[in-house]
Amino acid sequence: MADGLSEGVSERVPKGVPPEGEWSRPPLWEGLRAYGLIIAMWIRSTMAYRASFAMTAFGNFAATAFDFVAILLMFSHVDRLGGYSLPEVAFLYGAAGAAFGLADLTFGSMDRLGRRVRDGTLDTLLVRPAPVLAQVAGDRFALRRLGRITQGLLVLGYALVTLDIAWTPLKVAMLPMMILSGAAIFASVFVAGGAFQFWALDAAEVQNSFTYGGTTLLQYPPTVFAKDLVRGVTFVVPLAFVNWIPALYVMDREDPLGLPDWAAFLPPVVAVGCCALAGLAWRVGLRAYRSTGS
Amino acid sequence: MRLYAVVAAGGFRRYATYRTATAAGVFTNTVFGFIVAYTYTALWEQRPQLGGYDLSQAVTYVWLGQSLLMTCAMMGGGFEDELMDRIRTGDVAIDLYRPADLQLWWLASDLGRAAFHLLGRGIVPMALGGLVFDLTLPGNPLVWLAFLFSVFLGVLVSFAVRFLVALSAFWLLDGAGVGQITFLAGMFFSGMLLPLTLFPGLLGEVARVLPWSSLLQVPADVFLGRHTGWGLVGAFAFQAGWALALLALGRLLQSVATRRVVVQGG
Amino acid sequence: MDSDGSGFIELDGIEKVFDVRRKAGLLRRERHQVRAVDGISFSVARGEMVGYIGPNGAGKSTTIKMLTGILTPSAGRLRVAGIDPSRERTRLARRIGVVFGQRTTLWWDLPLIDSYRLVHRMYRIPDKRYRENLERCVELLELGELLDVPVRQLSLGQRMRGDIAAALLHDPEVLYLDEPTIGLDVISKARVREFLRDLNAQSRTTVLLTTHDLTDIEQLCARVMVIDHGRLVYDGALAGLHEVGESERTLVVDLERELPPVELPGARVVKVEGPRQWLAFPAAASAAPLVARIAAEYPLMDLSVREPDIESVIAKMLSRRKVPDPAVSEEVAERSAL
């Protein structure tokens, strides 16, 4: 012991100067790295209970599938809903589901922040050399949420097979862009919702309105909803950019708000803006926590 | 009896403490209410009288669903996680030696919770929905009373099902899966996704006689005045029948489980 | 770095003020300020091992949270290893180790070793150093057979040892321990203390620990700081604390038969129960001469020494502080008016 540790001390010269490069690593990279390390641990933990994992993954899949079953039941009574056919609604549904599923998988644990503050375990994250956001986001990483993504992609696949779309290279490129940007928009809602809990510890449900509620909204055509509601989710909480606006372009349908065609290419821009705002909200929230302690 | 009244009051107060959570929940119920109400409007505009409801009744059904979602614990939540934990850790042995009955104890506590959720989470979303949508509200105060009684029976059925789920922890190492599947069934067969009257053919017939229809479909139909006279009695009998059957099954399982615990010495 | 005379951990006039909203009536909420830490200054040199004690709610954990960079001080200057904790939290994190007694940082469902592998990578510990440190911790904390056991199956004492090892793998220069022996059995406590003593002696790791167990302090810390109502009320040796507080230890003697109260200079009988008698004597004094005299003059069967508990030592000290110095009691009055 004496040898080992005292050697350690002498190796650590000069004191106070960190190993080379410690300051220069960009926080984004550090965050991703920490996130990767943490989710790997959670995946291993999950695999300790394989049967339970299989059952909950199936449950996750089934729970989401019910939404679609409800839509199918509706279409057993009508041919069109808000002027949209079943494959068209399926396209909206699949795109929203896949984007939301991706965000839920990667950032779905943000709603536990209030609980972590209350039971004091947030403090244990603050003494580690990694961004707190990455640690909170990776907390309880749940692979079972793949069930939701799978379900969304299956419905999207069904829509693509049955829809008669005049494909252009631009429209093809639109698909992955739409899902990734949509996931980023939802992810920033998760992060902003988490940040909100720094002030309102018990308000986890508020973010459910925007996340789960948002994805439910986006599963239906915009023509179903009141114009003001559509305006709200276009200009205030820009969820319309997750699937509505780009999907309408792909399906050659008119935008109910009469937005120009180029709006369909905005999702990546909107996503970056949302992430920046959410990051800012998180910083302000964390700073408030560190100065008030609760 | 006194004891259980105190337990019920405790259940009420326990949920009443979390005001922010209640406000946040009301907000969520309202948002979902709006979204679903618009989709129903689109559906009923094309098919007036679908499932026997007119547009206003259909939208009222949506808001009733949001109001009763927590009250009748359609997605679960409430006592069963706690009871499962106590069973898994063995703490339930202490409960069994108490001079109170396990099932009645948790029932009282859950009734207190349901009462709070009806008041705290049920009224405001409905009122907010009423500001924007044309709701069908009963004019006859007796219908309101009948509705409350039907909700009460619905809570009993909901409790009885969740009690069975919780007791499964005596035999299964991991009760989470059973819970999840039961609650999925609850979501689907209570009528929360769509009124059960819209379910086609055999699926609809089966769904309407399963216990979960007591949680939303039956109370909503009572509210909308679709059960009157002997039909109303029949609806109550349906709910009460399921409640008694499931509560009795719970008692049976409880006594088997108790013997097990006693034999194992806790 | 510590050659310029300044301490390794330095606090200068540190304050932490919280805004607390309290219910007043049905809907109205009153705002008022709580000074959890109210102007604390101290300095700890590299390699010191210091006990940080005080009643619950005195400001102990708030201080620790500021030292570890979790909380930002409201006022004052704070440096740990030359780093301002609140500004450079992650840089500091690589150089400190923290053990929260009641909140494990180990991974519940995974074998213990997996938690260490995560620390290895998250702190970017060079492989060779990691292996050496792990080997040493495993040996000294007797973790060898536990490495492959899922953490949820470990006893409280085993888990605490596991947590301490996890906090040391990256060679921290400072180790903060929050109640490291709480809830442990006697053997586990002894093992943890012995390890900490060796660590401090041999690798000059600076250790700051909070505890409710006076034996922790006695066996580990040459220096103890007492905090009360957010202020430092004592900073010095443990013996001095006993003197200031006039605290007493208790000698429990079992005589052959019932006898009148034992009469000895330097001790007084506080309780008699049949042949058993309790004698109180100043905590700073040695028990040996008393024991020798009793053994010589009375039919002694058995005896044991009981330590005063931390709460009573502090309580005595605090109650004494208020009496002699009028300036101090004024201060106290002011504070309670808050």
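The values are calculated or read from the model by the stated rules, or taken from the named source; none is laboratory data. None of these values were measured; they are calculated from a predicted model. FYI the Cβ positions are ideal-geometry reconstructions off the backbone, even for glycines, and counts take in every protein chain you see.
Brief remarks on what is shown
- Residue identified as under 24 Å from A:M174 (Cα atoms), part of a helix (DSSP H, G or I) and not aliphatic (A, V, I, L, M) among A:G108, A:G59, A:G157, A:G114: A:G157
- Condition check for A:F190: within 13 Å of chain B (Cβ to nearest Cβ), buried (at least 16 other Cβ atoms within 10 Å of the Cβ) and in a helix (DSSP H, G or I): no
- Of the residues making up region B:221-244, those that are surrounded by 14 or more Cβ atoms within 10 Å (Cβ to Cβ) and aromatic (F, W, Y) are B:F223, B:F236, B:F238, B:W242.
- Residue in region A:212-225 that is modelled with pLDDT of 95 or more, more than 14 Å from chain B (Cβ to nearest Cβ), touching a Gly at 6+ places or on another chain (Cβ under 7 Å) and assigned to a loop (DSSP other than H, G, I, E, B) present: no
- Verdict on C:V226 being modelled with pLDDT under 90, under 24 Å from C:D38 (Cβ atoms) and surrounded by 14 or more Cβ atoms within 10 Å (Cβ to Cβ): no
- Taken across region A:84-93, residues that are part of a loop (DSSP other than H, G, I, E, B), farther than 26 Å from A:L201 by Cα and at pLDDT 90 or above do occur, with at least one present.
- Hits in region C:226-258 (condition: under 17 Å from C:W278 (Cβ atoms) and either hydrophobic (A, V, I, L, M, F, W, C) or touching an Asp or Glu at 6+ places or on another chain (Cβ under 8 Å) (or both)): C:R249, C:L251, C:V252, C:V253, C:D254, C:L255
- Region B:97-144, subset surrounded by 14 or more Cβ atoms within 10 Å (Cβ to Cβ), over 28 Å from B:V233 (Cβ atoms) and of a type in the set (F, W, Y), residue farthest from the chain's Cα centre (by Cα): B:F133
- Members of region C:96-109 found to be in a loop (DSSP other than H, G, I, E, B) and either within 15 Å of the chain's Cα centre (by Cα) or at the interface with chain A (Cβ under 8 Å from one of its Cβ atoms) (or both), listed by number: C:G101, C:Q102, C:R103, C:T105, C:W107, C:W108, C:D109
- Total residues in region A:234-285, condition out of contact with any helix residue (DSSP H, G or I) (no Cβ under 6 Å at 6 or more places or on another chain) and in a helix (DSSP H, G or I): 15
- Whenever a residue of region B:125-137 is farther than 14 Å from B:N29 by Cα, its partners that are surrounded by fewer than 18 Cβ atoms within 10 Å (Cβ to Cβ) and of a type in the set (S, T, Y), lying with C-beta atoms within less than 8 angstrom and at least six residues away or across chains, give the pairs B:F133/B:S56; B:D134/B:S56; B:L135/B:S56; B:T136/B:S56.
- In region B:192-220, residue surrounded by the most Cβ atoms within 10 Å (Cβ to Cβ) [restricted to those that are more than 11 Å from chain A (Cβ to nearest Cβ) and outside any helix (DSSP H, G or I)]: B:L215
- In region B:14-108, counting only helices (runs of 4 or more DSSP H) that sit wholly within it, the ones holding 1 or more residues that are at pLDDT 95 or above and out of contact with any strand residue (DSSP E or B) (no Cβ under 7 Å at 6 or more places or on another chain) span B:19-46, B:55-71.
- Search result, residues across region A:33-64 that are aromatic (F, W, Y), within 11 Å of chain B (Cβ to nearest Cβ) and touching a residue at least 12 places away in the same chain (Cβ under 8 Å): A:F53, A:F58, A:F61
- Qualifying residue in region A:252-270 (condition: surrounded by fewer than 23 Cβ atoms within 10 Å (Cβ to Cβ), closer than 17 Å to A:M110 by Cβ and at pLDDT below 95): no
- Unmet criterion (only one of (1) within 22 Å of C:T215 (Cα to Cα); (2) touching a strand residue (DSSP E or B) at 6+ places or on another chain (Cβ under 7 Å); (3) in a helix (DSSP H, G or I)) for C:P180: (3)
- Count of residues meeting criterion [crowded, with 20+ Cβ neighbours inside 10 Å and of a type in the set (D, E)] in region A:71-110: 2
- Checking C:R35, C:R117 one by one, the residue that is more than 8 Å from chain A (Cβ to nearest Cβ), over 26 Å from C:L238 (Cβ atoms), without any contact (Cβ under 8 Å) to a residue 24 or more places away in the chain and of a type outside the set (A, V, I, L, M, F, W, C) is C:R117 and no other.
- Residue pairs whose Cβ atoms lie under 6 Å apart, separated by 6 or more positions or on different chains, with the first residue in region C:133-146 and within 13 Å of another protein chain (Cβ to nearest Cβ) and the second basic (K, R) and surrounded by 13 or more Cβ atoms within 10 Å (Cβ to Cβ), are C:L141/C:R161.
- Filtered residues of region C:50-85 (kept if within 11 Å of chain A (Cβ to nearest Cβ) and over 23 Å from the mean Cα position of the chain (by Cα)): C:S74, C:G82, C:I83
- Criterion (surrounded by fewer than 23 Cβ atoms within 10 Å (Cβ to Cβ) and under 30 Å from B:G225 (Cβ atoms)) met by exactly one of B:T30, B:T17: B:T30
- Subset tally (residues that are charged (D, E, K, R) and modelled with pLDDT of 95 or more) for region C:146-162: 1
- Applying the criterion of being facing chain A (nearest Cβ under 9 Å) and part of a helix (DSSP H, G or I) to the residues of region C:192-210, the residue that is surrounded by the fewest Cβ atoms within 10 Å (Cβ to Cβ) is C:A201.
- Here is the figure for region B:24-48: residues that are closer than 18 Å to B:R113 by Cβ and more than 8 Å from chain A (Cβ to nearest Cβ) total 2.
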